[in-house]
Amino acid sequence: MEIKMTLKPERERNSDSIKNAESLSFGKLRSDHMFLMNYEGGVWKDARIVPYGPVEVMPGAVALHYGKSVFEGAKAFRHEDGEIYTFRFEENAKRMNHSLSTLCMPEIPVDIQMEATLKLLDVERDWCPAQPESSLYIRPFVFGTEDALGMEPSATYTYCIMLSPSGAYYPGGFKNTVRLLITDRFHRAVSGGTGSAKCCGNYGQAFRAAKLSKTYGAKQVLYLDSSNTYIEEVGAMNHFHITKDKTIVIPEFTDSILKSITSISVMELAKSLGYEVRQERIRINDFIEQVKSGDIIEAGGFGTAAVITPVCEYIFENNEVITVGDCTIGENIRKIYDAYTAIQTGDAEDKFGWLTKVPRG
């Protein structure tokens, strides 16, 4: 694929702003450039890297009216040797295509997604921070651009990749636990819908539930399925729990649960650490009883941004609170987190082939 480049003069680059910062917030900064590619006439074309800036769309663009928009989230890391490595981006590219297909949008070959991302990372390698728990966050997304108000898929699309030098997702890093609200009032997705796709509509509707959770001092909502029987997701993450016999249990992936790349990676990694791992439909009533009895000793969420979010408490709308373990980051969660992030940062051997070195152009 030929990628045209229009780069900012070196003197205008301001990547030095990340080097002396004591801490970086998550997702607030942008690198100098972005990748763009357009779909028209049944083909993806005009691949280019340009200075980061506004993207022009017409007011009647299908994405603005009918939610024809999907996205991904991945990370690249600076290793001790100074080189930049992506973490399992090929899996993100595959999931992007699943999301595109689900929303009747044109897929992008995985090799093209990989090439575009690696080239942009090479151009922007100075933007990759080196602080502990930091990364160069990768946000690819596709949106329908046709100026049409009929209920039909867009004939034109834009694929964009932007980069965000980021610190830990939670201020202070991997140090604290959270509280989750269990409610039957809101549902993230339903069977037969778009729950397994990473589309914008799934996230836009979630703010209402998150707003309710904060009135209970909770960080997010533990979503149940539409029958209020089974556990599905926690906010924008896959839920998990660990039993006292050190088995990691993750809800079975269905068409209403997003297949987390962090989850599938942890499942592979955990087995090498000596844990049993299983996926199953988890009844919320069974889960609650096992937390109360102490059979469940740790719980939380898996996701790209935070990696692991440990949960201390679950609160109900009647203000009943149940506590997981001793309400601290458990030894098992810490062990998994440390092993996982050590591979990402190059502090441990990548025995799984998850890392891809960004080639220098």
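The values are calculated or read from the model by the stated rules, or taken from the named source; none is laboratory data. Given the structure is predicted, the values throughout are model-derived calculations rather than measurements. Quick reminder, even Gly has a Cβ in these numbers, built from the backbone with ideal geometry, and neighbours come from all protein chains shown.
Summary of computed values
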| read-out | value |
| --- | --- |
| Residue under evaluation Gly172, criteria (1) modelled with pLDDT under 95; (2) touching a Leu at 6+ places or on another chain (Cβ under 9 Å), criterion not met | (2) |
| Which listed residue is modelled with pLDDT of 95 or more, of a type in the set (A, V, I, L, M, F, W, C) and within 30 Å of Asp122 (Cβ to Cβ), from Val291, Val307 | Val307 |
| Filtered residue count, region 49-79, keeping only those that are aliphatic (A, V, I, L, M) and in a strand (DSSP E or B) | 6 |
| Residue selected from region 169-218 under the condition part of a strand (DSSP E or B) and in contact with a helix residue (DSSP H, G or I) (Cβ under 9 Å, 6 or more places away or on another chain), by the criterion farthest from Phe316 (Cα to Cα) | Cys199 |
| Given (1) surrounded by fewer than 20 Cβ atoms within 10 Å (Cβ to Cβ); (2) closer than 28 Å to Arg88 by Cα; (3) in contact with a helix residue (DSSP H, G or I) (Cβ under 6 Å, 6 or more places away or on another chain), index of the condition Phe302 fails | (1) |
| Positions within region 257-290 being among the hydroxyl-bearing types (Ser, Thr, Tyr), assigned to a loop (DSSP other than H, G, I, E, B) and within 17 Å of the chain's Cα centre (by Cα), in sequence order | Ser260 |
| Condition check for Ser17: modelled with pLDDT under 95, over 25 Å from Glu115 (Cα atoms), of a type in the set (Ser, Thr, Tyr) and in a loop (DSSP other than H, G, I, E, B) | no |
| Residue satisfying condition, being surrounded by 12 or more Cβ atoms within 10 Å (Cβ to Cβ), at pLDDT below 95 and assigned by TED's automatic domain parsing to the domain that holds Leu120, within set Leu64, Leu29, Leu36 | Leu29 |
| Out of Ser293, Ser272, Ser263, sole residue that is in the same structural domain as Leu212 (by TED's automatic domain parsing), surrounded by fewer than 18 Cβ atoms within 10 Å (Cβ to Cβ) and touching a residue at least 24 places away in the same chain (Cβ under 8 Å) | Ser272 |
| Unmet requirement for Glu90, which otherwise passes all of (1) among the charged types (D, E, K, R); (2) touching a Ser or Thr at 6+ places or on another chain (Cβ under 7 Å); (3) farther than 18 Å from Arg48 by Cα | (2) |
| Residue in region 80-98 that is touching a strand residue (DSSP E or B) at 6+ places or on another chain (Cβ under 7 Å), outside any helix (DSSP H, G or I), free of Cβ contacts under 8 Å to residues at least 60 places away in the same chain and not basic (Lys, Arg) present | no |
| Complete set of residues in region 118-168 that are in contact with a strand residue (DSSP E or B) (Cβ under 6 Å, 6 or more places away or on another chain) and assigned to a helix (DSSP H, G or I) | Leu120, Leu121, Val123, Arg125, Trp127 |
| Identity of the residue in region 220-246, in a loop (DSSP other than H, G, I, E, B) and not small (Gly, Ala, Ser), that ends up surrounded by the most Cβ atoms within 10 Å (Cβ to Cβ) | Asp225 |
